[in-house]
Ligand SMILES: Cc1cc2nc3c(=O)[nH]c(=O)nc-3n(C[C@H](O)[C@H](O)[C@H](O)COP(=O)(O)OP(=O)(O)OC[C@H]3O[C@@H](n4cnc5c(N)ncnc54)[C@H](O)[C@@H]3O)c2cc1C
């Protein structure tokens with residue numbers, strides 16, 4: 001297989017298979033392009049055996065230095081290193097696209113958003129999927145005047161049955177949509193998917209990207225293609241770009257820190273089919289979003305232990321929990337190997353404190369007692385290779401044929417879950433790479449390097 005990979009010239013090589021990369025791969029292969037997807041993590045099937053799956057989650061999300069990174073103040077940051085990226089572990093919440101922000105940078109994805117919403121299972125959950133725990137929080141928040149509403153989810157609700165566990169330790173019913181499904185779609189249209197293949201750097205000659213060097217099983221390989229799309233996520237992409245000569249990647253980014261706030265209720269018991277983030281509200285002015293949050297036993301106990309609430313290690317079934325996530329200010333830097341160096345700015349602590357106060361009131365009104373907040377965590381690293389800074393509005397770097405499509409491209413602090421935005425950007429990039437957008441659109445708004453953009457992808461050699 002490795003021989004075939006090396007001897008083929010691809011229309012597009014995509015590094016990373018999270019929502020950004022998987023969407024570009026799917027869209028290009030659907031259009032008949034020869035696509036190679038290189039994924040650092042494992043592509044093995046998700047195991048439905050509970051013990052095996054916990055082991056997979058530890059390897060893919062919880063391994064220090066890989067999925068789990070720590071930064072200043074012992075703030076933990078998680079990302080999925082596996083086929084589908086972080087979307088394998090995400091909460092499947094579908095938040096609005098920041099159209100105003102993107103339009104300020106010459107990007108309009110209204111058409112792509114419509115396409116994505118038509119293709120993907122997006123919708124508010126039916127009432128049967130809102131458990132008494134989540135309903136109690138919504139009622140309490142509404143009583144207090146907070147605009148708490150249901151959140152749209154990426155879930156195949158028709159496949160859901162009472163008792164189905166949310167995909168924390170596997171998703172036997174296939175209810176949660178993830179980018180894995182886009183990868184499978186791409187492969188069914190002829191794309192080649194190689195797992196455990198870590199892209200090291202891009203091969204650049206005379207200002208043009210020609211291929212990538214990746215490592216698999218201790219060996220290095222070179223592959224060549226007409227277009228190279230780096231989609232290794234908010235941390236992975238700048239590491240590859242720096243190694244390829246773009247030394248300014250990986251500075252001044254966001255990671256959307258969060259805390260959870262929880263208390264114990266006597267009169268309700270958590271069900272096995274609790275779904276996280278079924279409802280909540282966004283306080284845009286104060287820069288935080290608040291949602292309900294259901295956690296499985298292992299994570300619930302871990303969160304309690306982190307803040308020395310050992311007496312609450314076994315209270316998961318009685319715990320009512322809220323998540324507070326903020327729009328943090330840009331800052332920090334990554335090391336060349338992807339180490340995260342960013343602390344919480346005083347204004348970010350203030351936002352978390354304000355969110356905590358609101359969450360505490362909602363919990364108290366809901367009848368919860370023994371309320372405490374958990375330690376800081378972050379799950380949306382982005383803005384490390386911003387549009388308008390290192391990328392033009394077509395997501396192209398200063399090198400010809402080298403593009404980025406993942407959370408790194410987000411140009412400004414934002415603070416909301418990004419998957420719908422990334423899928424829409426991926427669709428738009430695929431149209432650009434196949435020249436479909438040329439008639440409709442003027443030249444890129446801010447071309448970093450002023451060279452004409454290719455109208456058609458180069459022919460496969
Ligand atoms: C617990 C959790 C809950 C979340 N909940 C939500 C939610 O409800 N809604 C929402 O919209 N978002 C949510 N998110 C965030 C969302 O999952 C991510 O923002 C999104 O997956 C980012 O997509 P991406 O394409 O930027 O990259 P990623 O998903 O990070 O994928 C990048 C891929 O690149 C691979 N890679 C990295 N380096 C290399 C390399 N050198 N070579 C090859 N491959 C490489 C990685 O293994 C990974 O597969 C959540 C995240 C987490 C962790």
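Quick note: the coordinates plus some simple rules give every number you see, no bench work behind them. Owing to the predicted nature of the structure, the values given are computational and were not obtained by experimental measurement. Neighbour counts run over all protein chains shown; Cβ positions are idealised from the backbone, glycine included.
General observations
- Degrees separating the helix 233-243 axis from the principal Cα axis of the chain, which is the longest one: 30
- Fully extending the segment from residue 215 to residue 305, taken as 0.36 nm per residue of separation minus the present Cα-Cα distance, adds 28.6 nm.
- Using alpha-carbon coordinates, inclination of helix 50-60 to the longest axis of the chain, degrees: 50
- Whole-number D in µm² s⁻¹ for the stretch 8-98, Kirkwood Cα-pair radius fed into Stokes-Einstein, 25 °C, 0.890 mPa s: 166
- Least to most buried among 262, 405 (fewest other Cβ within 10 Å first): 262, 405
- Taking 7 Å steps out from each Cα toward its Cβ at residue 126 and residue 285 produces label points 3.9 nm apart.
- Ranking of 255, 288, 156 by neighbouring Cβ atoms within 10 Å, starting from the fewest: 156, 288, 255.
- Taking 0.36 nm per residue of separation and subtracting the current Cα-Cα distance, fully stretching the chain between residue 372 and residue 201 would add 57.1 nm.
- Equivalent ellipsoid of the stretch 210-293: semi-axes from √(5λ) of the C-alpha gyration tensor, largest first, are 43, 19, 12 Å.
- Of all DSSP beta bridges in the chain, antiparallel share, percent nearest 5: 70
- Dimensionless Rg over Rh [the stretch 17-168; C-alpha; Kirkwood]: 1.00
- Convex hull of Cα atoms in the stretch 347-410, direction-averaged projection (nm²): 6.4
- Sequence ranges 12-23, 327-338, 36-47, ranked by mean other-Cβ count within 10 angstrom, highest first: 12-23, 36-47, 327-338
- Label-point separation in nm, residue 267 to residue 159, each point 7 Å along Cα→Cβ: 3.7
- Semi-axis lengths, Å, the stretch 258-405, gyration tensor of Cα atoms, sqrt of 5 times eigenvalues: 35, 16, 15
- Taking Cα atoms only, the orientation of helix 132-143 departs from the longest principal axis of the chain by about 80 degrees.
- The alpha-carbon atoms of the stretch 147-231 define a convex hull whose volume equals 194 cubic angstrom per residue.
- Residue-averaged 222 nm ellipticity for the chain, from DSSP H runs of 4+ at -39500 (n - 2.57), nearest 500: -8000 deg cm²/dmol
- Where labels lie 7 Å past Cα in the beta-carbon direction, separation of residue 313 and residue 354 in nm: 3.8
- By the Cα gyration tensor, the chain has an equivalent ellipsoid whose semi-axes, rounded to whole angstrom, run 38, 23, 21 from largest to smallest.
- Modelled FRET efficiency - R0 51 Å, residue 8 with residue 144, Cβ distances, 0.05 increments: 0.25
- Length gained when the stretch residue 47-residue 101 is fully extended (0.36 nm per residue, less Cα-Cα span): 15.5 nm
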